Ligand SMILES: [Zn+2]
């Protein structure tokens, strides 16, 4: 098993070595060729046979289309709750447009269901449904070796934005249940969606629980954090954006609009967006240039 730890914009890719190499998550589309080159280097004469996704965020499945075009035999399995939507590629029901992100269309061949077990290169993996970060995601757990592929449900220092909590406060409960599930698995190794693999699982869970408690008490700041992540991600993908293009993008992103609508201070969208940019600039996550917005 190899973890290809990637920088931001792309998730990690996990490769299960053996007679039928398996690729789990494929990063952002802008890094797809780099991923393919890494896989060719790693696998030599072999070709990946299966592609699995933990969830359909553009930084986890953005490389799917490129790998499928390159390795036509690749059998792709995705979480069952998004299987039909993906097959029809219904943009209204996929998470890309609402978050202002892009993911090239790819094929899905089979669905992964919570409660199911799959055997990959002789190792049994349990599939666990999880929610909080993404209502449709799954985790993979190898019970014999106690290895957990935690995607964005648990990182060494935290977890991904709780998209479910932007829709309903129940999203915080969903993340709590996900952390309870992870705790109960008693993993020896966690291979997260971002950052290095780690073994000090209990301290990470404890830290995640305290972060969750903070967000639950301050849902408004969690929502602002989500807006910051969406904006930072977009600017990072483009590196720099003229002001007009940035505004045009922001006005199309329904999730940003919904976060703004929940802000009770009555700020107009443009003023609210400017406030978000000011915060990101003060944290040195972005910079304003005479032409627009740039990554820092
Ligand atoms: Zn994610």
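Could you check region 37-57 and list, in sequence order, the residues that are more than 19 Å from residue 112 (Cβ to Cβ) and either within 14 Å of the ligand (Cβ to nearest atom) or surrounded by fewer than 22 Cβ atoms within 10 Å (Cβ to Cβ) (or both)? Spell out the reasoning first.
Step one: list which residues in region 37-57 are more than 19 Å from residue 112 (Cβ to Cβ), which gives 37-47.
Residues satisfying the conditions are 37, 38, 40, 41, 42, 43, 44, 45, 46, 47.
Inspect all residues belonging to region 129-138 and state whether any of them is touching a residue at least 24 places away in the same chain (Cβ under 8 Å) and surrounded by fewer than 18 Cβ atoms within 10 Å (Cβ to Cβ). Don't jump to the end; show me each part of the working.
Of the residues in region 129-138, the ones touching a residue at least 24 places away in the same chain (Cβ under 8 Å) are 129-138.
From the residues that got through so far, the ones that are surrounded by fewer than 18 Cβ atoms within 10 Å (Cβ to Cβ) too are none.
No: region 129-138 contains no residue that is touching a residue at least 24 places away in the same chain (Cβ under 8 Å) and surrounded by fewer than 18 Cβ atoms within 10 Å (Cβ to Cβ).
Among the residues making up region 144-178, those that are away from the ligand (no atom under 16 Å from the Cβ), assigned to a loop (DSSP other than H, G, I, E, B) and in contact (Cβ under 8 Å) with a residue 24 or more places away in the chain are 145, 146, 169.
Residues that are farther than 26 Å from residue 236 by Cβ and in contact with a strand residue (DSSP E or B) (Cβ under 7 Å, 6 or more places away or on another chain) within region 43-85 comprise 48, 49, 50, 74, 75, 76, 77, 80, 83, listed in sequence order.
Set side by side, the residues 26, 54, 13 differ, and just one is touching a residue at least 60 places away in the same chain (Cβ under 8 Å), under 30 Å from residue 295 (Cβ atoms) and in the same structural domain as residue 138 (by TED's automatic domain parsing), which is 54.
Filter region 285-296 for residues that are without any contact (Cβ under 8 Å) to a residue 24 or more places away in the chain and either over 11 Å from residue 232 (Cβ atoms) or in a strand (DSSP E or B) (or both) and give the result.
The initial filter retains those residues of region 285-296 that are without any contact (Cβ under 8 Å) to a residue 24 or more places away in the chain, namely 287-288, 290, 296.
Passing the criteria: 287, 288, 290.
Checking each residue in region 232-256 for being loosely packed, with under 15 Cβ neighbours inside 10 Å and in contact with a helix residue (DSSP H, G or I) (Cβ under 6 Å, 6 or more places away or on another chain) picks out only 254. Looking across region 6-36, the residues that are more than 16 Å from the ligand (Cβ to nearest atom) and assigned to a loop (DSSP other than H, G, I, E, B) come down to 17, 18, 19, 20, 21.
Just to be sure, is residue 196 touching a helix residue (DSSP H, G or I) at 6+ places or on another chain (Cβ under 9 Å), more than 16 Å from the ligand (Cβ to nearest atom) and either closer than 30 Å to residue 2 by Cβ or part of a helix (DSSP H, G or I) (or both)? Can you show your working first?
Working: touching a helix residue (DSSP H, G or I) at 6+ places or on another chain (Cβ under 9 Å): no; more than 16 Å from the ligand (Cβ to nearest atom): yes; either closer than 30 Å to residue 2 by Cβ or part of a helix (DSSP H, G or I) (or both): yes.
Criteria not met by residue 196.
The values are calculated or read from the model by the stated rules, or taken from the named source; none is laboratory data. Values in this document were obtained by computation on a predicted structure and should not be read as measured data. So basically every Cβ, Gly included, is an ideal-geometry build from the backbone, and we count neighbours across all protein chains shown.
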